[in-house]
Each structure stands twice: as C-alpha cells, then as structure tokens.
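The values are calculated or read from the model by the stated rules, or taken from the named source; none is laboratory data. Computed from a predicted structure; not experimentally measured. For neighbour counting, all protein chains shown are included, and Cβ atoms are generated from backbone atoms with ideal geometry for every residue, glycine included. Side chains are part of the model used for accessible areas, which takes the heavy atoms of the whole protein and leaves out ligands, DNA and RNA. Shrake-Rupley method; radii C 1.70, N 1.55, O 1.52, S 1.80 Å.
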Amino acid sequence: MEIPAKYSPSGIEEKWYKYWLNNNYFRSVPDNREPYTIVIPPPNVTGVLHMGHMLNNTIQDVLVRRARMQGKNACWLPGTDHASIATEAKVVAKLKEEGIEKSSLTREEFLAHAWEWKEKHGGIILEQLKKLGASCDWERTKFTMDESMYDSVIEVFIDLYNKGLIYRGVRMVNWDPSALTALSDEEVVYKEVSSKLYYIRYKVEGTADEWVTIATTRPETILGDTAVCFHPEDQRFSHLSGKRVLVPLIHRSIPMIEDEYVDREFGTGCLKITPAHDINDYNIGLKHNLESIDIFNDNGTLNEKALLYIGQDRFLVREKIVDDLKNHGHILKIDDYKNNVGFSERTDAAIEPKLSVQWFLKMEELAKPALASVMNDVVKFHPEKFKNTYRHWMENVRDWCISRQLWWGQRIPAYYLPTGEIIVAKSAEEALVKAKVLTGNAALLLKDLRQDEDVLDTWFSSWLWPISVFDGIRNPGNPDIKYYYPTNDLVTAPEILFFWVARMIMAGYEYQQEIPFRNVYLTGIVRDKLGRKMSKSLGNSPDPLALIEKYGADGVRVGMLLTSPAGNDLPFDESLCEQGRNFSNKIWNALRLVKGWTVDENLAQPAHASAAALWFEARFNESLAQIEDNFNKYRLSEALMASYKLVWDDFCSWYLEIVKPAFQQPVDKTTLEATIGFFGRLMQMLHPFMPFITEEIWQLLTERKAGESIMVSAMPVSAKADSELLMAFDHASAAIIGIRNVRKEKNLPLKDKVELKVRGENPASILDEIVIKLGNLSEIKYVDEKPLASAGFMIKSTEYYIPLGDAVDIESEREKLKKELDYMLGFLESVDKKLRNERFVANAKPEIVENEQRKRSDALSKIELLRNAIKSLS
C-alpha cells in the first residue's frame, strides 16, 4: 500500500467529516443504552469562532467522542443564542449604514430586518465548529428564538408570575446608555479607572459667607442633588443640623440631613445626595423622603430637569460644569483619584444608575436548592475552587432584573388595560378573555389592550437551555427529556458561573425537580504569551480557522489542550499548535514505517520482539489506567500528555525501534500482527483528542468493512499491568542509554558490536535480548570481578562494563577519569559541608535536606565507580 510521504490534514479532515455525517454517527435518539449528554453553551448567533470557543468545544468533543466509544448513547446538542443586545446593536448599525433609523420603523418592520440579518449571518459559528471536528447531533440544532424555545420562555414567565415570583416595580437599575436598556448586576463589568475627585462648595442658605464642601467624582450630577448629608456623630457639622444649602449654579435649596451611612473619613465628611443616580443615594432618599430628580435622558444626555446643558452628553457636561464651577468660585481643589466604574459587558459604555420601571424575578427561594446542590457535590465543579465563588454569589443573590428595553427577543407577555390593570397571558386573545373576567366589562376589545414593549433578558431563555432543547417545558414527560435529562457534563467559563450555571440549576429544580447536569468543567481564559486576555482590540487573537488551515484540526486541538488544566488560564502560543502538528507527523511516519515492512510467513518471532510485545502490553495498560484516572478527575490536559508520551516515547521511540527488522529484511507475521494491534488500540485511545488522523490511520492499518469507523469502535479498557516487567524495562532502557553514552564518550562506532559485562544482580535480565538488539552487543556476560581496561556505568547497585581493548588510549582515559574523580570529591565535600551545618539541617525544608542526602549518596556511588574504573585501567 502506497502511503503518502507527508500527512496532509485538509483533504483527510474533509473526507472523514463527510463520512461521519453520511453514516449518521453523530445522531442520537433514545434507546436502551446509557445516555451521555452535553448541551453546547450556545454561542451568540452574531458570533464567529474565537480561541475561547476553540478550547471549550474541543473539550466537549473529547468528552463526547470518548463516551461514544465507551458504548454510551452520546448526544451533543448544538445551538445558538439570540443575544438580544449584541444582535440588536448589529442590526441597528447595519440599518444606519443604509440610512435607516430604528426610530423610523415599527416593531414588526425592525424585527423583519433582524430575522433577515439572522438568516444571513446566524449560524456561521456552527459551520466553523465542523472544521474543528465537533461531533454534534446537527439535526437537533436549536436557536433560542425558535418557536418551541420562544414558547417555553413565555410559559415560564407566566408560571413564575402566577406563583408571585415575578413582579413589576420601580427600582434603581444599571442603565446602558448605548444599548438603551437596563442590565442585570451580572452584566456590569467593574474597571479601575483614573478619575478626578472634585471638592465643590455649597453655600449655606441665609448666611453671608458660610459654605459646606463635598467631594465627588461626578460633578455633572449635582444638578440632580436633593440633599447634603453628614454623619450624626460628626461634630464638625452638627451646627448645620436642620439648615439648608444651595446647589451651585442652579441655586436649588436642599436640606442638610444626617445619616450613619456617611463615611466620615472619605472626602470632606459631607456627601451630596442624588437619589435618581446612585443606588446608595436612592436608599438614603427613601429613608429621608427626599425628592428624586432624574436629569438624564436614556441616551446619557441631560434633560430639561437638569436646568442647564440640556441635550448635551454627560461626559461633555462634566468638562463644562467644572469650568463653570471654577468661574463661580465653587471648586476648592481637584485631586487625582482611582475608582471602580461599572461598564456594560456588551457595549463597554459607562453604566448610568437610573430609576426605572422594570420586571424582576425574586431569587432568594430559587437560589437555596441551587446553592445546596453545589455545596453538597450533587453538582460537582471541576476544579472545586470555584465553589467558594459560587457560594458567595448565591448567599448574596439579588432579585433579577429580567426586562430589557429592546425589540429583538421574547416579548414580555403582559397586557395593560386602560384602567391600569396588568394581565399576563400567552396571547392578546387569551389576555382579552382574562380581562373581561377581571373587569366584568364584556365590551372590551383587543385594541383596548396594550402589550408591554420590553423583551426578556437573553439569560432568561438561556437558563432553560438544558430543559427547553428537549422540549421539557411544553411537554414535561416527552421521551427526549426523560432520557437525556439530567445531562452529564457542562463545559463553560467561570465568568458566567452565576449568569448561566447557577440559574440553570435553579430552573432545573423548579421545572424538573432535578439538577440539569452532574459535572461542570470550568475552562480558563485563553491568554497570549504576555499573559493578556486575547481580544480583537489588542489584535493578539489568531484566527482559529487560519490555525486549522496551517496546522490541521488535530494539531490545533492538541495545542489547545496540552497546557489547559481545568480552571487555569491557557498561555497560548502558536508553537503549541506546531507541537500538535509534529505529533501528527510522528504518528504518520510510524504508520509509513510499519506499512513499509514485508512479512515472511515462515519467520519465527525473535526473542527481542517477543519480549518487546510483552513489555508494551504492560506499558499500554499502565498508561491507560493513568489516562482513565485523569478522565475520571476531569484532568484532560494530563490525560492527553500521558497519551502523547505513550505514543511518542514508548511506542515510537522504544517499541518500534526494538521490533523493526534490519534494513531490507522482512518481519515475522507474529510481530507485525502485534504491532498493528498496538497501533490500532493507540489510535482508539487517541481518537477523542485527534479524531481525523486516528480515523485515517485506523482505516489504513488493516482492511475495514464499508461503514466501519474508529469513532464507533470500542475504547480500550485497561487491564492489570505486569509491574515486574515494567520495572525490568526501566532498568533495561537505562542500560541501553548507558551503553550509548559509553560508545559516544569512547568513540566506539554504533555499527561495531561490543561486549557487555554485568556485575551484581540485574533486574533487567529477562529483557537481555532487547538490550543486545538496541545496544548492538555481541553478548552479555555476568561476572563476579570488575573487568580490566573497561568503561562502565552503574544503575542502582548493578555495575555494567564494556571492555575497551585497544579501542582507546589507556593513559589519556586514566587522566580523564582522575579529573572526573577530583571533581566528584569536591562536589561531595560541598554537600557534606551543608549537611554538617546544623543550622541548615534544622531550618531547611525536609525535602531540601532529603535532596542533599540523595546528592551525597549518588556522589559516593559515582566515586566508587570512578575509582574502580581507574583501578581497572592500571
């Protein structure tokens, strides 16, 4: 069989992915097998593949492919998220390019544009995942705005409203002036920024020249001030109790109030109170019955209630008001100041605290079982360290603001009557029936009802994902939800632990009385060589598809996983993908070697090949047990490394070197069959990590039937390993390395056979034939005396000698050994000096002292060997 000299990934990857699809190997339907289920964290429908997706989906595919090979009914369900804010922003931007403003369109017209955009651009990322080798059941692909998914969200809203868990109220919310919508607390990212702290003085009303000074980072908000507050125990301001001050520039009279909330050490000890634009001020305002003056429009410009700078942007106003305050003598000083400012996770706009009528979901009771399930390991986190973060969030949970001032999304099913009552129903028609009953007014018409304009937070659909993808909300007892739920593993990022993971657990208990998944594998962040998070703005994120084109999907998968233990950040370097590609080439070259052998049916198996087969069987089982243990502990990076070493070091570097026939000589049938058997099992073991090359090689190793595939073959299972044989090989391999070192040092050509003499017990004696083959020895002799004129080495207590004869200059060799002996004696003295130092022994860590003692023992052995070698040359 002619095997190409070079492995070419692109054609092979396309060929096998098509083959897998055509044979429905990714398809899953309920049957009698044990199910294994993963639901994909749905990427934004607007998204394209980035390095974080690559890592996350590679891990998922590894888990799914392995489960499939273990005989489980593996279902990996793909899909995308409608991503309200991100998608609406993209559609609005596209319309602007066409000269169309969103405000000029009706809701229906805008949604038609949004759906058109989704059909054109949505789902690109899923097609890109196929290039990676993702073995998803594509027939099950879901989109959070699909009819069944949409209806599930509406049903849940109605159910929770009827249970009294959803309510509408005025609250201080996080307002995104760019997206023009409220955000939940979890959608706000806090960043430390360099600000200014402005010290502004307010005149005490009715006095000639008495002033109160406050410190603020937001001077533009003084236009909404309705009080100045000080601590009741702060004697500096007690004389101002009951007095009033004037807001600078607009001369609004506001009261001086007292409250223990004030930090006497911050600024001047006096605090301006702006109830409409700060959550803490809002709470103080409620307590003291203060007026709330909202000075901002939704887009962050100032409105008529500000009295000044109307229609101008808040940040421009900050510059202008500072100048005006200076000109009127109100600014005492300005300090540099570092503070944390909230930004929108989606638009990166600075968040504006804003009083707004919104819909909320009560979280306290929903959170309790979700917290207990994680803390009691009903749901296991990998790694466990994230349990503390999770507990902190869940113990401090707040009501969830679930309404968004957008059009793209599931519209809130609330209808308002002319009299102010609210009816929550699946449709306007159903709402009308309910309204007539509620009001007793049979003359009500559909036009009398007005549906809420807002949509639900995107996470309000995502939290139902493991249930709704199997239609478990609308049809709770259907075969799919009964079979696939709860799912097995969730692979996601720690930053959405509360956004998504916690809420899915809550929804699971509320609607299935069961956890949604058993294990949560938390990936790290993909960073560049400098430790920076990869991002478009920094330009440090490579194009994943370009990497696949250059290194092959298998090479990139290996590169991503080699240094990505669960929960730890991945320091990505393109050289990792190169290492993955080199691994592919190593395996390919091994295939070419084995398939290039000719077989002699009459040839008996040599002793060295028989011994090698026994050893590799033991080594394979030892490694496989280690790999299985790593998988059980979700240590995928370690499982890959163990697989990598087994293939590269043990199979290619040792086993194949032992069994390969001499140049242009045939191999015996038994050895060839054993080698092909090992090769096939290694490919099965590697398949979850490297699906394409393993399929290609598995198909080439031996004749396969039509429709056969490695991906549905049985994953090898470890058996008991022969530990005595493994220890013997460790000793034998060390002896082979020792022989090669002596040859190098003494310039003994590799093609010339040499004799090996062994003194002492040799644990590797059962593998002498392997040592003879790889050491190119004429024979191995066991001796009682140290041979003269020989070069040696020691492995533990066993001495090995190669007689030199006339091959070397005895005198120069003796001088060389004496120099080495002098060096070792000096080294021993330096170690002894440390160990004689009582302070060092008493204060150093035990492992450091043990290491020094090991150095001493090794030095003594080496010195004895050198003295014996010198003596043998006398």
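Quick rundown of the values:
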quantity: Near pairs, Cβ below 6 angstrom, 6+ apart or cross-chain, from segment 754-773 (under 11 Å from I795 (Cβ atoms)) to any residue that is assigned to a loop (DSSP other than H, G, I, E, B); calculated: G760/S797
quantity: Residue count for segment 227-243, restricted to those that are open to solvent by less than 10 Å² (accessible area, probe 1.4 Å) and either β-branched (V, I, T) or under 49 Å from the mean Cα position of the chain (by Cα) (or both); calculated: 4
quantity: Which listed residue, of N475, N519, is part of a strand (DSSP E or B) and at pLDDT 95 or above; calculated: N519
quantity: Output for segment 592-633, where each listed residue is open to solvent by 30 Å² or more (accessible area, probe 1.4 Å) and among the hydroxyl-bearing types (S, T, Y); calculated: T598, S610
quantity: Some residue of segment 543-553 being under 19 Å from G11 (Cβ atoms), touching a residue at least 24 places away in the same chain (Cβ under 8 Å), open to solvent by 20 Å² or more (accessible area, probe 1.4 Å) and within 20 Å of the chain's Cα centre (by Cα); calculated: yes
quantity: Count of segment 172-211 residues which are open to solvent by 70 Å² or more (accessible area, probe 1.4 Å) and out of contact with any helix residue (DSSP H, G or I) (no Cβ under 9 Å at 6 or more places or on another chain); calculated: 10
quantity: L530 vs. criteria open to solvent by 20 Å² or more (accessible area, probe 1.4 Å), at pLDDT below 90 and among the hydrophobic types (A, V, I, L, M, F, W, C); calculated: yes
quantity: Segment 116-141, residues that are basic (K, R) and either open to solvent by 50 Å² or more (accessible area, probe 1.4 Å) or farther than 22 Å from Y484 by Cα (or both); calculated: K118, K120, K130, K131
quantity: Pair list, Cβ under 7 Å, 6 or more apart: segment 594-608 residue within 26 Å of A5 (Cβ to Cβ), other residue of a type in the set (K, R); calculated: V599/K669
quantity: Candidate set from segment 288-330 (those that are assigned to a loop (DSSP other than H, G, I, E, B) and charged (D, E, K, R)); member that is farthest from the chain's Cα centre (by Cα); calculated: E291
quantity: Single residue of D234, D209, D225 found to be in contact (Cβ under 8 Å) with a residue 40 or more places away in the chain and of a type in the set (D, E, K, R); calculated: D225
quantity: Which numbered condition D159 misses (of (1) acidic (D, E); (2) in contact (Cβ under 8 Å) with a residue 40 or more places away in the chain; (3) out of contact with any helix residue (DSSP H, G or I) (no Cβ under 6 Å at 6 or more places or on another chain)); calculated: (2)
quantity: Test result for I467, outside any loop (DSSP other than H, G, I, E, B), at pLDDT 95 or above and of a type in the set (A, V, I, L, M); calculated: yes
quantity: Residue within segment 425-436 that is assigned to a strand (DSSP E or B), surrounded by 21 or more Cβ atoms within 10 Å (Cβ to Cβ) and either among the aliphatic types (A, V, I, L, M) or within 19 Å of the chain's Cα centre (by Cα) (or both) present; calculated: no
quantity: In segment 23-67, residue surrounded by the most Cβ atoms within 10 Å (Cβ to Cβ) [restricted to those that are over 15 Å from L77 (Cβ atoms) and more than 24 Å from the chain's Cα centre (by Cα)]; calculated: Y25
quantity: Listing of helices (runs of 4 or more DSSP H) fully contained in segment 635-736 that carry 1 or more residues being hydroxyl-bearing (S, T, Y) and under 38 Å from the mean Cα position of the chain (by Cα); calculated: 636-645, 669-686, 691-701
quantity: Residues satisfying the stated conditions in segment 335-362, i.e. in contact with a helix residue (DSSP H, G or I) (Cβ under 8 Å, 6 or more places away or on another chain) and farther than 13 Å from D176 by Cβ; calculated: L355, L361
quantity: Lone qualifier among S135, S178, S148 - being in contact with an Asp or Glu (Cβ under 9 Å, 6 or more places away or on another chain), closer than 30 Å to W459 by Cβ, part of a helix (DSSP H, G or I) and touching a residue at least 60 places away in the same chain (Cβ under 8 Å); calculated: S148
quantity: Identity of the residue in segment 788-827, in contact with a Pro (Cβ under 7 Å, 6 or more places away or on another chain) and either in a strand (DSSP E or B) or open to solvent by 90 Å² or more (accessible area, probe 1.4 Å) (or both), that ends up nearest to A734 (Cα to Cα); calculated: Y801
quantity: Complete set of residues in segment 740-767 that are touching a Leu at 6+ places or on another chain (Cβ under 9 Å) and open to solvent by less than 30 Å² (accessible area, probe 1.4 Å); calculated: V742, R743, K746, L748, V754, L756, L767
quantity: Helices (runs of 4 or more DSSP H) completely within segment 1-107 that count 3 or more residues being touching a residue at least 24 places away in the same chain (Cβ under 8 Å) and among the aliphatic types (A, V, I, L, M); calculated: 51-69, 84-97
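Quick grid of which residues meet (1) surrounded by fewer than 22 Cβ atoms within 10 Å (Cβ to Cβ); (2) more than 23 Å from S356 (Cα to Cα); (3) under 49 Å from the mean Cα position of the chain (by Cα):
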{"position": "T221", "(1), (2), (3)": "no, no, yes"}
{"position": "V245", "(1), (2), (3)": "no, yes, no"}
{"position": "P248", "(1), (2), (3)": "no, yes, no"}
{"position": "F266", "(1), (2), (3)": "yes, yes, yes"}
{"position": "L271", "(1), (2), (3)": "no, yes, yes"}
{"position": "T274", "(1), (2), (3)": "no, no, yes"}
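Okay, residues lined up against (1) within 23 Å of G580 (Cα to Cα); (2) touching a strand residue (DSSP E or B) at 6+ places or on another chain (Cβ under 8 Å); (3) acidic (D, E); (4) buried (at least 18 other Cβ atoms within 10 Å of the Cβ):
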site	(1), (2), (3), (4)
G677	no, no, no, no
P688	yes, no, no, yes
Q699	yes, no, no, no
A706	no, no, no, no
A719	no, no, no, no
E724	no, no, yes, no
M727	no, no, no, no
